[in-house]
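This report refers to the structure that appears directly beneath it.
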Amino acid sequence: MQKQLDLITRFLHFTTEPFDEWDWDGIELLIFLKRKIIERYSFEDLKNIFKDF
């Protein structure tokens, strides 16, 4: 789980989109801005993104 959190943190560091918070439950990553979900990534989405990291 720590490896996943590290990869997500790294991914979010490179994003240019504004966000306030994020939540990862091991299945889905939710990105929030002003308490609204602005992006949602499934575990499969993240696997595809992280293969480049």
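Miscellaneous remarks
- Converting phi to 3J(HN,Hα) with the Karplus coefficients 6.51, -1.76 and 1.60 and the offset θ = phi - 60°, the range 31-43 yields 10, 10, 9, 6, 6, 10, 6, 10, 8, 9, 10, 7, 4 Hz in sequence order, with x at every glycine or proline.
- Over the chain: Rg over Rh, Cα atoms, Kirkwood Rh: 0.93
- The fraction of accessible area contributed by carbon and sulfur in the chain is 51 percent, rounded to a whole number (1.4 Å probe; ligands and nucleic acids excluded).
- Helix-derived mean residue ellipticity, 222 nm - over the chain, DSSP H n ≥ 4, -39500 (n - 2.57), to 500: -12000 deg cm²/dmol
- Normalised per residue, the accessible area of the chain is 79 Å², obtained with a 1.4 Å probe and no contribution from ligands, DNA or RNA.
The values are calculated or read from the model by the stated rules, or taken from the named source; none is laboratory data. No experiment lies behind these values; they were computed from the predicted model shown. These area figures cover heavy atoms from the full protein model, side chains too; ligands, DNA and RNA do not enter into them. Shrake-Rupley method; radii C 1.70, N 1.55, O 1.52, S 1.80 Å.
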